[in-house]
Amino acid sequence: MTSSSRNRARIALGLAVAAVALAGEAHAQPKSAGDIESARQAYNEGIALRDKGDTKGALEKFRAAHALGNTPITGLELCRTYAVLGQPVEARETCLSVARIPPGPSETPRSQEARTEAGRFADEVKSKIALLRLVVTGVPPGREATVTVDGFAVPAAALGQARAVNPGVHVVVAKVGQGGETRATFEAREGVSQDIELAVQPPPPDEPPPPIPGNTGPVAPPPPPEKKSSGLATFGYVTGGIGLGIGLIAGGVALAKRGDLEDACPDQKCGRENHDSLDSARAWGTFATVSFVVGGLGLGLGLLGSATSGGSTKASQGPTVKPVVGLGSAGLHGTF
């Protein structure tokens with residue numbers, strides 16, 4: 001058997017073993033038959049592309065296989081491919097995630113070996129991760145800078161702490177509010193820790209500061225509105241009181257005159273000599289009725305004025321009202 005034949009035989013044997021392991025792992029998890037077969041095909045295609053030197057194409061296939069199968073074998077191959085492409089951060093995280101895959105009751109020895117190998121490989125690639133510490137200066141008091149690394153936001157609490165990045169070129173952008181952006185492009189080296197300092201530009205002077213996060217303390221209630229005196233309420237109450245008082249007096253006079261007419265006019269028939277008394281009694285009755293109506297309207301205006309002004313009045317701002325009673329007339333005189 002030639003060397004090329006032996007190589008093909010080894011590849012075929014490796015694919016067969018991996019396929020059996022994938023089937024055993026997928027059987028132990030709630031995967032559909034379509035997911036199992038798709039994971040198997042993607043895994044085999046990834047192996048073939050990697051052997052041809054197409055590492056990026058193999059990465060996509062292994063990512064698909066691991067998403068569908070989620071086995072130690074697919075995770076290990078994905079981890080190795082990330083490392084070949086110079087992405088130790090993704091490689092280490094993928095290898096560590098293999099340990100979080102629950103083992104199935106029918107897990108194969110090949111899968112158990114993949115778990116062990118993934119843990120060893122995670123420790124190996126750790127030394128290749130670059131560390132970056134961002135130092136942002138020029139931030140005004142009470143403000144926070146917005147910082148991104150390669151488009152990914154860095155929490156404010158994480159600024160100044162070591163951040164894991166892959167070796168290579170990276171772009172850092174920092175700004176405060178609506179102020180201008182400060183950009184820095186740097187090259188991270190494998191296994192090296194470095195500081196990147198950015199001096200941010202101040203925000204516009206008329207930009208209000210953002211609310212303080214987490215400030216959930218009690219908020220002081222606004223002062224109560226100043227209660228103003230209501231001339232309408234005073235006028236209404238005074239008018240109502242005078243109207244009712246005059247109505248009672250006029251009503252009493254009308255009743256007295258009616259009593260006199262009942263004595264002078266038996267069977268409610270009055271002679272000419274009693275016509276003046278009869279007209280006077282009717283006039284006093286009408287005046288009493290009008291006074292009661294005015295009194296009721298006055299009280300209504302007083303209640304309305306109290307409701308619209310909070311019920312508070314000041315004598316210095318209220319109206320002055322004086323009753324006017326004259327011969328054959330009665331009314332009110334005042335200033336408002």
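The values are calculated or read from the model by the stated rules, or taken from the named source; none is laboratory data. Predicted model, so just to flag it, every value in this text is computed and none were measured. Cβ placement follows ideal geometry from the backbone for every residue including glycine, while neighbour counts extend to all protein chains displayed. These accessible areas exclude ligands, DNA and RNA; they are computed on the full protein's heavy atoms, side chains included. Shrake-Rupley method; radii C 1.70, N 1.55, O 1.52, S 1.80 Å.
Looking at region 45-135, the accessible area is 48 square angstrom per residue; that uses a 1.4 Å probe and ignores ligands, DNA and RNA. Packing order of peptides 166-174, 84-92, highest average first: 84-92, 166-174 (average count of other Cβ atoms within 10 Å over each peptide's residues). Once both labels are positioned 7 Å from their Cα atoms along Cα-to-Cβ, the gap between Thr137 and Thr308 label points is 6.6 nm. Listed cross-link partners Lys56/Lys175; Lys128/Lys175; Lys52/Lys128 are compared with a 28 Å cut-off, the Cα-Cα value being larger for Lys56/Lys175; Lys128/Lys175.
Principal axis extents of the C-alpha atoms in region 121-191 (largest first, rounded to whole Å): 44, 21, 17. Note on Arg183 and Asp51: with the Förster distance fixed at 25 Å, the Cβ-Cβ geometry gives a FRET efficiency of about 0.05.
Between Asp150 and Glu60, the distance separating the two model label sites (each 7 Å from Cα on the Cα→Cβ line) works out to 1.9 nm. Restricting the GluC sites (Glu not before Pro) of region 144-190 to loop positions (DSSP other than H, G, I, E, B) with no more than 14 neighbouring Cβ atoms within 10 Å leaves Glu181, Glu190.
On alpha carbon coordinates alone, what is the Rg over Rh value for region 108-148, Rh being the Kirkwood radius?
Result for region 108-148 is an Rg/Rh of 1.43.
What is the calculated FRET efficiency for Gln194 to Asp35, with r their C-beta to C-beta distance and R₀ = 30 Å, to the nearest 0.05? That gives a FRET efficiency of 0.10. Fully extending the segment from Arg258 to Val173, taken as 0.36 nm per residue of separation minus the present Cα-Cα distance, adds 20.5 nm.
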